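Quick notes on the structure that follows.
Bear in mind that the values in this text are calculations on the coordinates, not laboratory data. Note that the structure is a prediction, hence the values are computed from the model and not measured. When we count neighbours, we look across all protein chains shown, and the Cβ atoms used for this are built from the backbone with ideal geometry, even at glycine.
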Amino acid sequence: MIKTILVPVTGSAADNAAFAAAAAVAKPLSAHINFLHVRIDAAAVAVTMASEGGGSTMVGGLVERLDAEADKREKEARQSFERFCAQEGLAVAETPPGPAGPSAQWLREIGAEPFWIAEHGRAADLLVIGRPSDGDGVAPETIETALLDSGRPILVPPARAITALPETIVVAWKATREAAHAVTAASPLLSLAKRVSILTVAEAENLPSEEGSQLALNLRWRGIDASSERLEPDDRGPADRLLAAAAESQALLVMGGYGHSRLREWIFGGFTRHVLQTPAAVPILIAH
């Protein structure tokens, strides 16, 4: 069940795609969207910058400049939230049960963006985080922290704003717990889809050709129109192969977030990183 959605608000144009994707999920599910703006701690940032070469004499003036920039960004973020709610007809509600349809709420924290998004994300059913664009938007390390530390699925929309969820869902299937977790996280969206395609990429010669067929069969027991297909490898890597297949079907791509080491700096797997860093024409739901 997806009834609460968390959306980071940076106050930049990069927020638009995330806002639209969150509404596309919230409307058919009558979900509540928490729009979270994380304002920088100007004093802490100034001290860090000064200690890295600026000297203590510059801290006072730097704090004022950072605070002024934070004021501007927070004002823009709040205004974009209010405009979007009015445009989409989202009722603003702070306590449940709220209205019968989708609703929204403004949240604000001060400090490190990765920490607060992961902190609020753990209590949400879904996070919707837009891709950074030209230095604006949520930082890549924030997406990584949210995925690894929140324990919740993340929907990453394409740069082009979507007005509704795709009718087709492509599941990038691999016999791993991450892929299984992603399918479970996407269950409410799978139930809304008209067609679900389970795709496996033959990364090894001994990959069973029926690897995705059992999942497709089990989804059909739930009344979901699901099929499975094995994609043969080509000159593209597995990630690009799956992205291309999803784009061809104009689908939502569901995949697991894979890690290859227990070390924090390496846990974000190469496959996952490539998918998130590659400009995609389709929304991607990813779970670790």
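Each residue, Ala13 and Trp221, gets one label point 7 Å from its Cα in the Cβ direction; the gap between the two is 5.0 nm. In percent, rounded to a whole number, the relative contact order of the chain is 20, using alpha-carbon pairs under 8 Å and six or more apart.
Derived scalar couplings between HN and Hα for the range 194-200 equal 7, 8, 10, 10, 8, 10, 10 Hz in order, rounded to whole Hz, by the Karplus curve 6.51 cos²θ - 1.76 cosθ + 1.60 (θ = phi - 60°), x for Gly and Pro.
Proximity of backbone amide H atoms, modeled 1.01 Å from N, is registered between Ser133 and no other residue at under 5 Å, excluding neighbours fewer than 5 places apart on the same chain. Of all DSSP beta bridges confined to the range 4-156, the antiparallel ones make up roughly 5%. Coupling constants for the range 215-232 follow from the phi torsions by the Karplus curve (6.51 cos²θ - 1.76 cosθ + 1.60, θ = phi - 60°), and in residue order they are 5, 4, 5, 5, 5, 5, 5, 8, x, 9, 6, 10, 9, 10, 8, 9, 9, 6 Hz; glycine and proline get x.
Multiply the residue gap between Ala43 and Ala100 by 0.36 nm, knock off their C-alpha separation, and tell me the result in nm, one decimal place. Could the numbers behind the result be given before it?
Values: separation 57, 0.36 × 57 = 20.52 nm, distance 4.26 nm.
Net length gain for the segment: 16.3 nm.
A cut-off of 5 Å between modelled amide H atoms, ignoring neighbours fewer than 5 places along the same chain, links Leu231 with Thr200, Val201, Ala202. Of Ser249, Thr184, Ala146, which is farthest along the charge dipole of the chain in the positive direction, counting Lys and Arg as +1 and Asp and Glu as -1 at C-beta? Highest projection toward the positive end goes to Thr184. Its residue count N fixes a reference of 2.2 N^0.38 Å for the chain, and the Cα radius of gyration divided by that reference is 1.07. Listed by chain and number, the aspartates and glutamates placed with their C-alpha closer than 16 angstrom to that of Lys3 are Glu94, Asp125; residues fewer than eight positions away on the same chain are left out. Each of Ala24, Ala100, Thr48 was scored by the projection of its Cα onto the charge dipole of the chain, and the greatest displacement toward the positive side belongs to Ala100; charges sit on the C-beta of Lys, Arg, Asp and Glu.
Using only alpha carbon pairs under 8 Å that are at least six residues apart, calculate the relative contact order of the range 4-156 and give it in whole percent. The partial results should precede the final answer.
Working: 251 pairs, mean separation 52.4, N = 153.
With pairs under 8 Å counted, the relative contact order is 34 percent.
Per-residue Karplus couplings for the range 5-17, computed as 6.51 cos²θ - 1.76 cosθ + 1.60 with θ equal to phi - 60°, are listed in order as 10, 10, 10, x, 10, 9, x, 10, 5, 5, 6, 4, 5 Hz, Gly and Pro entered as x.
Per-residue Cβ neighbour counts within 10 Å put Arg131, Arg108, Arg160 in the sequence Arg160, Arg108, Arg131, beginning with the fewest. Between Leu126 and Thr4, Leu6, the built amide H atoms are under 5 Å apart, and every one of these is 5 or more places off in sequence or on another chain.
Based on DSSP H runs of at least 4 residues, each adding -39500 (n - 2.57), what is the mean residue ellipticity at 222 nm of the chain after dividing by all its residues, to the nearest 500 deg cm²/dmol? Working shown, then result.
On the way: 10 runs with 116 residues, N = 288.
Using -39500 (n - 2.57) per qualifying helix, the result is -12500 deg cm²/dmol.
Report, ordered by chain and residue number, the aspartates and glutamates lying within cross-link reach of Lys75, taken as a straight Cα distance under 19 Å and ignoring same-chain residues fewer than 8 apart. Excluding near neighbours in sequence, the set is Asp15, Asp41, Glu64, Asp67, Glu109, Glu113, Asp136. Using a Gaussian network model of the chain whose springs link C-alpha atoms within less than 10 Å, name the residue from Gln250, Gln214, Gln105 with the highest mean-square fluctuation. Looking only at Gln250, Gln214, Gln105, the biggest GNM fluctuation is shown by Gln214. Bridge orientation summary for the chain: considering DSSP beta bridges with both residues in this region, about 10 percent are antiparallel. Pairwise Cα distances in the range 4-156 exceed 23 Å in 38 percent of cases. Highest mobility in the GNM of the chain, judged by mean-square fluctuation with C-alpha springs under 10 Å and restricted to Thr176, Thr184, Thr200, is found for Thr176.
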